[in-house]
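*Asks:* Below: one structure in structure tokens.
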Amino acid sequence: MDLVEFNAAPVDRLRPELASCCDVPRWVDGILAKRPYGDRAALTAVADQLARELDDNEVDRALQAHPRIGDRPQGASTEAAWSRNEQSGVGDDPAVRTALAEGNRVYEDRFGRVFLICATGLSAAQMLSSLQERLTHDDVSEAAVVHQELRKIALLRLGKLVTG
């Protein structure tokens with residue numbers, strides 16, 4: 001949809017669309033409350049600021065909507081389609097998929113949450129390298145990285161939602 005449609009659309013229609021970008025009610029409500037937007041830059045600035053303000057519980061909530069890197073999300077939902085596209089760099093190499101699955105398991109054991117990375121444009125090797133590097137982080141440092149990756153994904157997806 002373009003910005004004119006976004007500004008005019010009913011809240012009930014936009015709420016699930018925005019939740020597909022970042023499944024945090026406060027983020028969604030904040031974006032809706034600031035309509036109408038004069039341009040996409042203004043929309044992006046509001047979404048960015050709201051994403052920077054997410055607390056740890058909100059980040060954890062949003063992570064529940066994200067599949068593991070290397071998993072192939074099923075279904076026709078917007079989130080599943082976006083995840084499949086964003087993770088296209090994973091490819092079909094069984095060795096890479098096995099390494100990512102093992103890395104995901106180790107990461108989840110270490111940090112208690114899914115490994116999140118803004119995978120758009122990354123190769124499987126880059127994703128795997130980042131996963132391995134991030135396993136060396138302490139809890140506080142890694143939480144900050146997760147927050148940043150979630151913010152990047154939310155803004156990328158918002159750009160897909162509002163195209164003009």
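The values are calculated or read from the model by the stated rules, or taken from the named source; none is laboratory data. Small disclaimer: the values here were computed from a predicted structure and weren't measured. Counting neighbours? That spans all protein chains shown, and the Cβs are built from the backbone with ideal geometry, glycine included. For accessibility, only protein heavy atoms count, side chains too; no ligands or nucleic acids. Shrake-Rupley method; radii C 1.70, N 1.55, O 1.52, S 1.80 Å.
*Asks:* What number of residues within the range 126-147 satisfy the criterion of being open to solvent by 70 Å² or more (accessible area, probe 1.4 Å) and either of a type in the set (A, V, I, L, M) or within 18 Å of residue 64 (Cβ to Cβ) (or both)?
*Replies:* So the answer is 1.
*Asks:* So, in the range 121-164, exactly how many residues are part of a loop (DSSP other than H, G, I, E, B) and under 10 Å from the mean Cα position of the chain (by Cα)?
*Replies:* 0
*Asks:* Looking at residue 158, is it open to solvent by less than 40 Å² (accessible area, probe 1.4 Å) and closer than 23 Å to residue 53 by Cα?
*Replies:* Taking the combined requirement at face value, the residue satisfies it.
*Asks:* Run residue 65 past the list (1) touching a helix residue (DSSP H, G or I) at 6+ places or on another chain (Cβ under 9 Å); (2) part of a helix (DSSP H, G or I); (3) among the small types (Gly, Ala, Ser) and report the number of the one that doesn't hold.
*Replies:* (2)
*Asks:* Of all residues being within 12 Å of the chain's Cα centre (by Cα), modelled with pLDDT of 65 or more and small (Gly, Ala, Ser) in the range 51-98, which is surrounded by the fewest Cβ atoms within 10 Å (Cβ to Cβ)? Just the residue, please.
*Replies:* If we take residues in the range 51-98 being within 12 Å of the chain's Cα centre (by Cα), modelled with pLDDT of 65 or more and small (Gly, Ala, Ser), then 65 is surrounded by the fewest Cβ atoms within 10 Å (Cβ to Cβ).
*Asks:* OK, next. Kindly list the number of the only condition in (1) modelled with pLDDT of 90 or more; (2) among the hydroxyl-bearing types (Ser, Thr, Tyr); (3) surrounded by fewer than 18 Cβ atoms within 10 Å (Cβ to Cβ); (4) within 24 Å of residue 157 (Cβ to Cβ) that fails for residue 120.
*Replies:* Evaluating residue 120 over (1) modelled with pLDDT of 90 or more; (2) among the hydroxyl-bearing types (Ser, Thr, Tyr); (3) surrounded by fewer than 18 Cβ atoms within 10 Å (Cβ to Cβ); (4) within 24 Å of residue 157 (Cβ to Cβ) leaves (1) as the failure.
*Asks:* Now for a separate question. Residues of the range 7-40 being open to solvent by less than 80 Å² (accessible area, probe 1.4 Å), farther than 15 Å from residue 150 by Cα, in contact with a helix residue (DSSP H, G or I) (Cβ under 7 Å, 6 or more places away or on another chain) and assigned to a helix (DSSP H, G or I), which ones?
*Replies:* Of everything in the range 7-40, those that are open to solvent by less than 80 Å² (accessible area, probe 1.4 Å), farther than 15 Å from residue 150 by Cα, in contact with a helix residue (DSSP H, G or I) (Cβ under 7 Å, 6 or more places away or on another chain) and assigned to a helix (DSSP H, G or I) turn out to be 11, 14, 17, 30, 31, 32.
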